[in-house]
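See below for the structure under consideration.
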Amino acid sequence: MAWPHIFQRGTLLSRFSHHHVVVFLLTFFSYSLLHASRKTFSNVKVSISKQWTPSAFNKSIELPVEIWSSNHLFPSAEEATLFLGTLDTIFLFSYAVGLFISGIVGDRLNLRWVLSFGMCSSALVVFVFGTLTEWLRFYNKGLYCCLWIVNGLLQSTGWPCVVAVMGNWFGKAGRGVVFGLWSACASVGNILGACLASSVLQYGYEYAFLVTAAVQFAGGIIIFFGLLVSPEEIGLPGIEAEENFEEDSHRPLINGADNEDESEPNYSIQEDDTASQVKAISFYQACCLPGVIPYSLAYACLKLVNYSFFFWLPFYLSNNFGWKEAEADKLSIWYDVGGIIGGTLQGFISDVLQKRAPVLALSLLLAVGSLVGYSRSPDDKSINALLMAVTGFFIGGPSNMISSAISADLGRQELIQGSSEALATVTGIVDGTGSIGAAVGQYLVSLIQDNLGWMWVFYFFILMTSCTILFISPLIVREIGSLLQRRQARILSE
Amino acid sequence: MLHARCCLNQKGIILGLDLQNCSLKDPGPNFPQAHTAVIIDLQANPLKDELANAFHGFIQLQTLILPQDVNCPGGINAWNNVTFYINNQTCQGQRNLCNSTGDPEMCPENGSCAPDGPGLMQCICADGFHGYKCMRQGSFSLLVFFGILGSTTLSISILLWGTQRRKAKAS
């Protein structure tokens, strides 16, 4: 167990300067804003599909055309829904492609420039998509698709950059809990987006898009003026230098004999550090790092389930139970609340155990159960919210961990430590594969729901969660094995 | 003032229309131009008995004089007073059918019933609602929103630049 490590944390916390706090908050809120504008789209789906279709009211009374049926972009609400699902899929595919590219770009260019450019331009695209088309009364399917593809590419600059910046400032010690808490940014963004959208929705859906786009643009400007990409930018020592220093001070407590041999390689690595720090790893090399492929595939399945909840939950609630759109939006917040608590708690536990995979496996097994429970939820708002929070805890938790803490682990492992920049690339690969899975899933969800109903959608989610466990099973077996060995060794030494 | 067969007010809006003895089979395609009329006279015309849809928009119409064999548009329920004379029929006092029909689900969401002429009803937006399908309510104040956002962004940017990036090496 790593309890002694945690008692040392007193010294660690004293090393967190106000720069660390600002970096944490800035990266946290910049990704929240990116996610908020994505969430806006899901929250206004009902209003947009009403705007695009003529009224289907069938009584003898006269309905003036200008008010009730002058928009014919889609003949019925079902067609509009299919198109909205297609837009989701298009977005996720271009987001996935963009992630692979942005990871590589972020490792080579200045992270601050890439991030603020991505935020500001994505805000402009969202403004054109949602607000300008409504003000000009110009509805066109091709335009919507093109804009959403561009938006996917621009939004993908966010995640690899923020994870890389966090990885630069926060080292291995306590990474699980810091990243667990930090990865709540996606869920906080969802909650923020849901609140903003539902408060402005009464004025018209175009104002929901306007508000989130404007706030995101402002965020991009603030990032440009306030973000420090790494401690080296203002002359503070980087985390590798600090970690090597810390390990040296620990050494005498463990094995006295080994000390002499270990210390020399340490000093030589530090010299190499300053010389070769800027070299970035190639895409193929990053893929071949141990653990990247199994976690990427597992994340593809898990992100599918997570994002399907994210995109379709308000729609499912108003479709299945008949609740109003604004209410369904507010209720879908509980899923994110569960995800935040899950990510933080599971990050903390995996820090204590110093192993990630067993924690993930247990959470995913319980997630299958909670999915079954949620699919049978009664038509009662409180019970539904509770089940939603539980499901969010067990699915969102592992999802947050894989995309943040584990990516940081993979991108900063000993194999490449200090000799190449791989963090953004690895994050891009893991999240990119995840997004492809999510994109395929969007299309499948709307297909299954159309043909077979919501129950089969839940069976599909259960299948995907099981596949996630399958993909990381070799890692689980290995890590449980080493945990048992460690316990055996301690029992033997006592 | 009187102008040929029309009675107009100062702004030139038609208040009365006298079309008696014009050999009209139907009121004609330009009839809706007189939708502001309060009194219309159509007696002594060979009109066909399908006048119901010709009076769309005639919400001010209070007195309608028709030939004997033509029914009041909307039927007897749409008028307060239907009197039969020797050579004509007079429909008086247009009724607002929205109140009497009493069906609460008459209009789509956020719509409300309003009279559209004798015997006719339409759904327009309820009070406070506007826009396509009456989905929108109230108006969003862009000035206040952008004012607050702009000033907040400016102050936070200056604060952060001062505390964080001022000592940053050029990159």
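The values are calculated or read from the model by the stated rules, or taken from the named source; none is laboratory data. Please read these numbers as outputs of a predicted model, since none were measured by experiment. No Cβ is skipped: glycine too gets one built from the backbone with ideal geometry, and neighbour counts run over all protein chains shown.
Restricting the range B:131-171 to residues that are among the charged types (D, E, K, R) and out of contact with any Pro (no Cβ under 8 Å at 6 or more places or on another chain) leaves a set whose member that is nearest to A:L210 (Cα to Cα) is B:R136.
Of the helices (runs of 4 or more DSSP H) entirely within the range A:336-453, those holding at least 1 residues that are surrounded by fewer than 23 Cβ atoms within 10 Å (Cβ to Cβ) and of a type outside the set (D, E) occupy A:357-375, A:381-401, A:423-452.
The helices (runs of 4 or more DSSP H) found wholly in the range A:146-228 and carrying at least 1 residues that are touching a helix residue (DSSP H, G or I) at 6+ places or on another chain (Cβ under 8 Å) and modelled with pLDDT of 95 or more occupy A:205-226. Take the conditions (1) farther than 30 Å from B:G117 by Cβ; (2) not assigned by the TED database to the domain that holds A:R175; A:A36 misses just one of them, which is (2). The set of residues from the range A:68-81 being modelled with pLDDT under 85 and buried (at least 17 other Cβ atoms within 10 Å of the Cβ) comprises just one member, A:T81. Scanning the range B:113-126 for residues that are assigned to a strand (DSSP E or B) and under 13 Å from A:I67 (Cα atoms) turns up B:Q122, B:C123, B:I124, B:C125. Within the range B:140-155, being within 32 Å of the chain's Cα centre (by Cα) and either modelled with pLDDT under 90 or more than 7 Å from chain A (Cβ to nearest Cβ) (or both) holds for B:S141, B:L142. Inspection of the range B:27-43 finds a residue satisfying the criterion of being out of contact with any helix residue (DSSP H, G or I) (no Cβ under 6 Å at 6 or more places or on another chain) and of a type in the set (D, E, K, R).
Select, from A:G142, A:G171, the only residue that is over 19 Å from the mean Cα position of the chain (by Cα), in contact (Cβ under 8 Å) with a residue 12 or more places away in the chain and surrounded by fewer than 21 Cβ atoms within 10 Å (Cβ to Cβ). So the residue among A:G142, A:G171 that is over 19 Å from the mean Cα position of the chain (by Cα), in contact (Cβ under 8 Å) with a residue 12 or more places away in the chain and surrounded by fewer than 21 Cβ atoms within 10 Å (Cβ to Cβ) is A:G171.
Here the condition is being closer than 25 Å to A:V165 by Cα and either within 12 Å of chain B (Cβ to nearest Cβ) or in contact with a strand residue (DSSP E or B) (Cβ under 7 Å, 6 or more places away or on another chain) (or both); of A:L99, A:L92, A:L109, A:L63, it holds for A:L109 alone.
A:V114 fulfils the conditions (1) surrounded by 19 or more Cβ atoms within 10 Å (Cβ to Cβ); (2) under 22 Å from A:G130 (Cβ atoms) except for a single criterion, (2). Considering every residue within the range A:475-494, establish whether at least one is outside any helix (DSSP H, G or I) and either in contact with a strand residue (DSSP E or B) (Cβ under 8 Å, 6 or more places away or on another chain) or not assigned by the TED database to the domain that holds A:L317 (or both). Scanning the range A:475-494 turns up at least one residue that is outside any helix (DSSP H, G or I) and either in contact with a strand residue (DSSP E or B) (Cβ under 8 Å, 6 or more places away or on another chain) or not assigned by the TED database to the domain that holds A:L317 (or both).
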